[in-house]
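Beneath this line is the structure, given in structure tokens, with notes to follow.
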Amino acid sequence: MPKLSFGGKCWTYWSLFICFCLCFCMVEQALGQGTGGSITGRVLDTSGAVIPTVTVTIKNTETGTSRVVNTDEAGNYRVLSLNVGRYEVSAEKAGFKTIVRSGISLSVGQEAVVNLDMQVGEVTQQVTVTEESPVINTTTSQISGLVSEQQVKDLPLNGRSFDALITLNPGAINYTAFTGGGGNSFTVAGRRAGENIYLLNGIEYTSANNLVSTPQGASGQLLGIDAIREFNVLTDSYGAEYGKRAGGQINVVTQSGTNLLHGSLFEFVRNDAFDAKPYLATGNIPPFRRNQFGGSVGGPIKQDKTFFFLSYEGERQRLGVIGTVFVPDDNARKGHLPCVSGGVPACTGGNPVGTPTLVPSLDPRMLPYMALWPVANGPNVGGGIATLTASPKQSIREDFSTTRLDHKISEKDTASMAYTFDDGVNFTPTADPLFGNNTTNRAQVFSIQETHTFSPQVLNTARVGFSRSHSVASAFTGPSVPANLGMVQGKQPGQIVIGGGGGGAAASGAASSIVSSGSGQRGTNENVKNLYTFQDDVLIIRGK
């Protein structure tokens, strides 16, 4: 037998073949692989005896595609790696009436058990049963929680972020308040929020944020409800086809086109007319405008063969962000700083011990910088510092789109392609409207999948994908800041600290301490993640 040599060790071709099988083959247990499900069952006659070699046809009633298998000696049949959707199962054999069972809804990662009872008669005679088939999970190696198509589309969601539905599953808790970093995060079955993984059509969908793994847009939401068919949350001991992280495996499947042309248009509006005044707000309710709009369309390019689906959603938001910062008081803006430290006068002036002495102690060259802080509207806190509460407007723009094509190449080959694109900008100002944070987010997920049926017992599914997440966060300085106040030519103003303390920190109580309320140049923070997926599943059915 021919041999190959690697590093001094001999491997036969058969050894390599076995290694390949161990790495890529998931035999028998791979019932909830990737983005589809499976249908299994048994065919019996009216007396309860099994009927072998029955021709069973599984047809997707949405696209017209079908798969044909035969029952074994025990009357069992099994069809793996089916796309999610609605199906009908028919069985026929000489000497029996053809039976058709419809109303079967197949979900991602689950198995529908469809048993059929055939009656003696002519094949041309047909018995039709319309009944919702029970969808169960027969594998004990995984615990899953399905969020169905109806739940995704019909349940109300503030911000239309579909990942909020993860908490419909037992053991899933929204952990956003404890993680920070923007976007939503969840703990599933007690695991850390960063241990979850999100799969979009079998391809990892991630965030460029280093704090959370949840994909997110510029708005902090996960848009695209109209593009989502359903998703499944797997926890604990799931099968070998899942992995990389020990937390929840959130498996999302996008919508696909059908033989019927369907479309939708929508717009959701929120504004401050329906809001109560926040606790810290002074004066009127902070302005708030949010518009979410878009639509989707899907249908056939060629009946029973080629299908398309397009979806778009946009979000525009203007929100008054309430904040309180420290600013120079009226005396400090004139250059008069209190000259006292720890109750002991630090300069002459004849005032009793502990009484602040106001003197023109600020260098006149610093007076133009005082204009960088707005005038205080709150109480003085001492040391030449007062408070400012304001609600400058945050602005968000986000655009989300999904494109999907499904094609039946032949009776044995089907293929699909999906591309998701999310782009947005989030500008969040500080209470000092001259300064703020500007964040851009762009995410892309591309996938191609091909399924080939070698025989009713041997199936191969190949999947290739690429995902990219790019986030840039930078400090922002308004155009009204005079160029001559920059400490480095061509750069934004730096932080100014008078009387000690750290730049960007709150006033420490030290005498004559004034701290910038956002004018510090913090630079740019850029994160990029590029992920590649190559996956091949060989499914072999043997025996029971």
Length added when fully stretched, SER264-THR130, from 0.36 nm per residue minus Cα-Cα: 45.4 nm
Region 156-207 versus region 433-466: alpha-carbon centroid distance in Å: 18 Å
For region 415-473, the Rg and Dmax computed from alpha carbons only, in angstrom: 20.7, 69
Rounded if a/c under 1.5, otherwise prolate or oblate - region 257-327, Cα gyration tensor axes: prolate
Those chymotrypsin sites (Phe, Trp or Tyr not before Pro) in region 44-131 that DSSP places in a loop and that have at most 15 other beta carbons within 10 Å: none
Of LYS408/LYS529; LYS244/LYS408; LYS59/LYS408; LYS97/LYS305; LYS59/LYS93, those spanning more than 25 Å from alpha-carbon to alpha-carbon: LYS408/LYS529; LYS244/LYS408; LYS97/LYS305
Dimensions in Å of region 365-486 - Rg and Dmax from alpha carbons: 26.9, 85
Relative contact order of region 359-420, defined on C-alpha pairs under 8 angstrom at six or more residues apart (%): 18 percent
Contour excess over end-to-end distance, with Cα ends at ASP304 and HIS470 and 0.36 nm allotted per residue: 55.9 nm
Two-decimal Rg/Rh across region 42-120, once Rg and the Kirkwood Rh are taken from alpha-carbon atoms: 0.96
Nearest-0.05 FRET efficiency for SER237 and ALA94, computed from C-beta distance (R0 41 Å): 0.35
Total charge dipole magnitude, region 385-491, about the Cα centre, Cβ charges on Lys, Arg, Asp, Glu only, Debye to nearest 20: 200 debye
Region 245-279: chymotrypsin sites (Phe, Trp or Tyr not before Pro) falling in loop per DSSP and having at most 11 other Cβ within 10 Å: TYR279
Rh (Kirkwood; distinct C-alpha pairs) - region 39-78, Å: 10.7 Å
Electrostatic dipole magnitude of region 166-253 [Cβ: Lys, Arg +1; Asp, Glu -1; Cα centre; debye, to 20]: 180 debye
Rg/Rg_globular for region 81-130, with Rg_globular taken as 2.2 N^0.38 Å and Rg from C-alpha atoms: 1.29
For LYS305, net neighbour charge (Lys/Arg +1, Asp/Glu -1) across residues whose Cβ lies under 10 Å away: 0
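By its C-alpha gyration tensor, with a ≥ b ≥ c as the square roots of the eigenvalues, how is region 166-269 shaped: rounded for a/c under 1.5, else prolate for a/b larger than b/c, else oblate?
Verdict is oblate for region 166-269.
Using a Förster distance of 25 Å, how high is the FRET efficiency between PHE178 and THR324, based on the Cβ-Cβ distance and rounded to 0.05? Write out the running numbers ahead of the final one.
Details: r = 23 Å, r/R0 = 0.93.
Once rounded, the FRET efficiency stands at 0.60.
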Nearest-0.05 FRET efficiency for ASN484 and PHE293, computed from C-beta distance (R0 45 Å): 0.55
Region 92-132: GluC sites (Glu not before Pro) falling in loop per DSSP and having at most 13 other Cβ within 10 Å: GLU122, GLU131, GLU132
Cα shape, region 148-208, gyration tensor, a/c 1.5 rule: rounded
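A short reminder: the numbers here are calculations on the coordinates, not readings from a lab. Worth saying up front: this structure is predicted, and the values here are computed from it rather than measured. So basically every Cβ, Gly included, is an ideal-geometry build from the backbone, and we count neighbours across all protein chains shown.
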